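Colleague: Quick one: this structure, given as structure tokens, is what I'll be asking you about.
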Amino acid sequence: MEKYLDDYIARMRTHYPRFPSGTAHEIASAFLAFKFGLYENAVRECAHALSLVPDSPTNAALKKALAIVQANAEDRNNSKVTPDLSVAFTPEERMFVAINLPADKIEDPGTLELDNALILIYVVALITSSDDEEMLEEHRRMIVRMLTDYKKAMGME
């Protein structure tokens with residue numbers, strides 16, 4: 001799944017070539033706050049990143065990913081651990097996510113949405129935030145593990 005992640009990063013580079021460093025750092029901070037279980041911070045970081053990312057068809061998927069993580073962080077901050085399905089990727093935004101499964105292969109839609117959101121945020125942050133690149137690389141194994149969880153459903157075994 002390392003190669004799958006590398007291919008996904010390369011594909012996303014063409015869609016997310018750069019953001020101002022402050023915006024890129026906020027995107028990275030949103031990912032890291034959620035990853036470390038700092039859900040109150042994650043809610044704030046997602047909200048701030050959402051306000052900085054300009055509107056565009058490409059950025060719609062990133063903004064949706066930030067909104068998904070924000071909704072899940074709010075729930076976890078309030079001790080609700082069931083993945084939040086109130087925010088989900090649209091069919092148009094799905095071309096930007098790492099894991100696209102047929103409906104009959106989706107066991108837990110909320111977890112899939114959150115995993116796709118976290119992977120997209122991670123990859124965009126990795127591509128655009130040179131200041132956070134080293135810190136983000138330390139979490140690569142977690143992203144590869146997330147992708148591996150879907151390997152069979154994606155027909156890659």
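Colleague: For the chain, what does the accessible surface come to per residue with a 1.4 Å probe? Please give it in Å².
Modeller: For the chain, the per-residue accessible area is 51 Å².
Colleague: May I ask which of Lys3/Lys152; Lys105/Lys151; Lys35/Lys63; Lys64/Lys151 have a Cα-Cα span longer than 22 Å here?
Modeller: Pairs exceeding 22 Å: Lys64/Lys151.
Colleague: How many angstrom lie between the Cα centre of segment 79-98 and the Cα centre of segment 1-34?
Modeller: Comparing the Cα centres of segment 79-98 and segment 1-34, I get a distance of 17 Å.
Colleague: At 1.4 Å probe size, with no ligands or nucleic acids counted, give the accessible surface of Met95 in Å², nearest ten.
Modeller: Rounded to the nearest 10, the figure is 110 Å².
Colleague: Next question. Which value, in debye to the nearest 20, describes the size of the charge dipole of the chain about its Cα centre when Lys and Arg Cβ atoms bear +1, Asp and Glu Cβ atoms bear -1, and nothing else is charged?
Modeller: The dipole of the chain has a size of about 200 debye.
Colleague: Hey, what number do you get for the chain at 222 nm if only DSSP H runs of n ≥ 4 count, each worth -39500 (n - 2.57), divided across all residues, to the nearest 500?
Modeller: For the chain, the value works out to -20500 deg cm²/dmol.
Colleague: Then there is this: Once the whole set of protein chains is in place, how much accessible area is left on Glu134, using a 1.4 Å probe, in Å² to the nearest 10?
Modeller: 140
Colleague: Please list Met135, Met12 from largest to smallest accessible area, probe radius 1.4 Å, with all protein chains kept in place.
Modeller: Reading off the accessible areas and sorting them downward yields Met135, Met12.
Colleague: Per residue of segment 24-37, what does 6.51 cos²θ - 1.76 cosθ + 1.60 with θ = phi - 60° give for ³J(HN,Hα)? Whole Hz please, x for Gly and Pro, Karplus curve as stated.
Modeller: Coupling constants for segment 24-37: 4, 5, 5, 4, 4, 5, 4, 4, 5, 4, 5, 4, 8, x Hz.
Colleague: Once the whole set of protein chains is in place, how much accessible area is left on Phe34, using a 1.4 Å probe, in Å² to the nearest 10?
Modeller: 10
Colleague: Shifting gears a bit: Which trypsin sites (Lys or Arg not before Pro) in segment 1-30 pass both tests, a DSSP loop state and at most 13 other beta-carbon atoms within 10 Å?
Modeller: When the trypsin sites (Lys or Arg not before Pro) of segment 1-30 are filtered for loop state and at most 13 Cβ neighbours within 10 Å, Arg18 remain.
The values are calculated or read from the model by the stated rules, or taken from the named source; none is laboratory data. Because the structure is a prediction, the values reported are computed rather than measured. Methodologically, a virtual Cβ is constructed for each residue, glycine included, from the backbone with ideal geometry; neighbour enumeration extends over all protein chains shown. Side chains included, ligands, DNA and RNA excluded: accessible areas come from the protein's heavy atoms. Shrake-Rupley method; radii C 1.70, N 1.55, O 1.52, S 1.80 Å.
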